[in-house]
1. Can you give me the number of residues within the stretch 491-511 that are without any contact (Cβ under 8 Å) to a residue 60 or more places away in the chain, in a helix (DSSP H, G or I) and more than 10 Å from Leu367 (Cα to Cα)?
2. For the condition in contact (Cβ under 8 Å) with a residue 12 or more places away in the chain, hydroxyl-bearing (Ser, Thr, Tyr) and within 20 Å of Phe251 (Cα to Cα), what is the one hit in Tyr381, Tyr405?
3. Given the condition crowded, with 19+ Cβ neighbours inside 10 Å, touching a helix residue (DSSP H, G or I) at 6+ places or on another chain (Cβ under 6 Å) and in a helix (DSSP H, G or I), answer yes or no: does some residue in the stretch 329-336 qualify?
4. May I ask you to list the residues in the stretch 57-95 that are part of a helix (DSSP H, G or I), over 24 Å from Leu204 (Cβ atoms) and hydroxyl-bearing (Ser, Thr, Tyr)?
5. What single numbered condition from (1) modelled with pLDDT of 80 or more; (2) more than 29 Å from Tyr84 (Cβ to Cβ); (3) touching a helix residue (DSSP H, G or I) at 6+ places or on another chain (Cβ under 8 Å) fails to hold for Ile183?
6. Being buried (at least 22 other Cβ atoms within 10 Å of the Cβ) and of a type in the set (S, T, N, Q) is the requirement here; does Ser452 meet it?
7. Quick check on the stretch 524-531. Is at least one of its residues at pLDDT below 90, of a type in the set (Ser, Thr, Tyr) and part of a loop (DSSP other than H, G, I, E, B)?
Amino acid sequence: MKKDLTMRKNTFVKGTFISTFGILLTKLLGVLYVIPFYHIIGDVGGALYGYAYTVYLFFISFAASGLPFAISKLTSEYQALGYYRVKNRAFYLGKVFSFLFGFLCFFIVFLFAPIISKLIFLKDVSPSHIRDVTFVIRIISFVFLISPILSVYRGYFEGHRFMSPPSISQVLEQFVRVMMILIGCFVISYFFPSNIRLIVSIALFGAVVGALVSYLYLFFKYQKNKSRFLEKVRDVNEPIVKNKVILKKIFVYAFPFLMIDLLKSLYNYTDMFTVVRGLVKYAGYDTSMAEGIYSMLSTWSLKFNMIVLSVSSGIIVGLIPNLSEGLIKKKNDLIQNKICLSIDMLLYICIPITFGISFLAKPIWTLFYGNSVYGPSVLSYYIFVGLVVSLFMVLITIIQVLKDYLWVFLSLMFGVLFKIMFNIRFLNIFISIGLPPYYGFITTTLVGYVFSIIICFVILSRKYHIHFESVLNHFIDILCGSFLMILVLNLLKIIIPIVSMNRFINIILILIYALFGALVYFYYAYRTGLTKKIFGDRFFKSIMNIFMKK
């Protein structure tokens with residue numbers, strides 16, 4: 001019988017690359033559509049979109065956060081133990097629980113949208129603006145009816161190490177969403193060019209349609225391949241496990257992720273309540289200009305951060321079942337190896353990407369959004385938030401798999417409190433030293449996450465005796481390679497200046513600089529043996545064979 005190519009189990013490195021590639025492709029689709037989308041809705045519509053999206057991120061924490069992790073971890077545990085009936089019952093209970101909880105979140109957000117809108121502004125805003133924000137929040141609330149159960153299916157596939165279907169579902173979800181945004185927004189803007197609220201609503205509803213299509217794909221993929229999930233690797237006498245025990249495990253595994261996402265969303269909420277007011281009150285910006293900068297932070301620059309974050313998401317997907325298996329079988333060497341390899345892969349990929357986007361902020365911003373006074377400046381600094389958040393997400397995932405939830409909360413809480421306490425103070429500091437005042441908001445986010453990262457490293461090192469000497473050595477090599485790349489790009493800038501308002505020329509410039517930068521970085525990594533050290537001989541040879549085939 002011919003096996004479905006998308007239902008093959010994957011090794012850790014291969015599975016991680018499949019997941020990362022799928023998520024990266026998803027995020028690239030999410031970046032490309034913003035070119036026409038930005039020119040349709042502008043900064044005003046971007047701020048409206050950002051308000052709805054921030055509320056969405058907060059409430060999706062209740063509806064879906066932690067469910068993929070919980071189902072993936074439970075599935076991999078029961079699969080390793082040979083508890084196949086219990087595994088499938090956990091899957092069923094996860095679906096029921098996710099639907100009920102998602103419906104509750106939908107009901108709360110839809111019903112209380114007017115109150116949420118008023119809390120965002122408190123005062124000094126027109127009633128029509130409140131109605132606009134209320135409307136778009138209600139539109140995005142429908143996604144809570146689908147996303148939770150979709151996340152359960154993804155976790156179930158990932159728990160069996162079938163990485164391709166969840167990755168394809170994410171690409172499919174984003175593709176449908178992008179098509180909905182482009183076609184819907186174009187049609188609406190053609191007939192109702194001044195109705196920004198309706199255009200933004202269509203864009204947000206695209207997330208609902210994309211999630212529905214993605215869910216249907218995974219549902220039919222599951223139905224078609226049921227026998228693959230019933231394949232036994234161990235024959236054991238299964239104990240009787242009650243439903244309440246399974247539900248308790250789902251809750252215990254999901255709860256830390258839920259709390260983490262809630263705490264992470266406080267970074268965005270702090271900016272939502274302070275950026276516009278702070279820039280108007282202390283920096284002398286008018287309201288429209290301040291809202292424009294807020295939209296750059298909450299919507300437009302965030303699109304590029306998602307490219308960096310996609311790498312950590314892919315690594316986490318592959319990391320969870322492998323670490324869970326290592327804990328079940330008490331393979332300490334496997335745990336040590338997978339933790340260090342995960343961090344190495346993240347830094348190896350994300351650091352040069354971050355440096356490259358920061359260096360090319362001007363042509364990238366001009367290409368996607370046109371000429372802007374503040375945009376390139378915001379992007380060149382804000383992209384580093386994506387890097388530190390990516391590293392933090394991998395670290396807290398490791399600590400959560402090790403079931404040390406207290407330190408996860410404490411590390412994140414410390415960073416969040418720093419953000420809340422110093423957001424306005426750093427704004428004033430940057431004003432006083434003559435730097436862009438909005439850099440203060442970005443700096444508090446960076447410092448908050450860096451503090452959390454340090455705490456995570458200390459806990460893993462001292463409490464769990466994870467040795468990071470090799471990671472530190474690789475990190476230094478990666479930094480050296482990235483700095484060398486930036487040095488070469490600066491020299492190249494003397495020959496090929498980055499000064500153009502023409503989109504086509506900016507595409508050529510970005511491609512030239514990206515190619516030179518990648519060649520310099522990967523050549524350095526090859527000559528120093530960095531690639532081989534991180535990924536190993538076998539993977540390194542397979543990559544080299546691809547490029548050396550005649």
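1. The qualifying residues number 7.
2. Values: Tyr381 fails: within 20 Å of Phe251 (Cα to Cα).
Sole residue among the options that is in contact (Cβ under 8 Å) with a residue 12 or more places away in the chain, hydroxyl-bearing (Ser, Thr, Tyr) and within 20 Å of Phe251 (Cα to Cα): Tyr405.
3. Our first condition is that a residue be crowded, with 19+ Cβ neighbours inside 10 Å; within the stretch 329-336, this holds for 335.
When the remaining residues are screened for being touching a helix residue (DSSP H, G or I) at 6+ places or on another chain (Cβ under 6 Å), the result is 335.
Next, from what is left, pick out any that are in a helix (DSSP H, G or I): 335.
The answer is yes; a qualifying residue exists.
4. Filtering the stretch 57-95 down to residues part of a helix (DSSP H, G or I) leaves 57-63, 67-81, 84-95.
This time we only want the ones that are over 24 Å from Leu204 (Cβ atoms), so: 69-81, 84-95.
The answer is Ser72, Thr75, Ser76, Tyr78, Tyr84, Tyr92.
5. It is condition (3) that Ile183 fails.
6. Numbers: buried (at least 22 other Cβ atoms within 10 Å of the Cβ): yes; of a type in the set (S, T, N, Q): yes.
So Ser452 fits the description; yes.
7. No, there is no match, as no residue in the stretch 524-531 is at pLDDT below 90, of a type in the set (Ser, Thr, Tyr) and part of a loop (DSSP other than H, G, I, E, B).
Table: residues versus (1) at pLDDT below 85; (2) closer than 29 Å to Gly66 by Cβ; (3) not polar (S, T, N, Q).
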{"site": "Tyr190", "(1), (2), (3)": "yes, no, yes"}
{"site": "Ala207", "(1), (2), (3)": "no, yes, yes"}
{"site": "Val213", "(1), (2), (3)": "no, yes, yes"}
{"site": "Phe251", "(1), (2), (3)": "yes, yes, yes"}
{"site": "Met259", "(1), (2), (3)": "yes, yes, yes"}
{"site": "Val276", "(1), (2), (3)": "yes, no, yes"}
{"site": "Lys281", "(1), (2), (3)": "no, no, yes"}
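The values are calculated or read from the model by the stated rules, or taken from the named source; none is laboratory data. Source: prediction; values computed, not measured. Here Cβ is always computed from backbone atoms with ideal geometry, including for glycine, and neighbour counts include all displayed protein chains.
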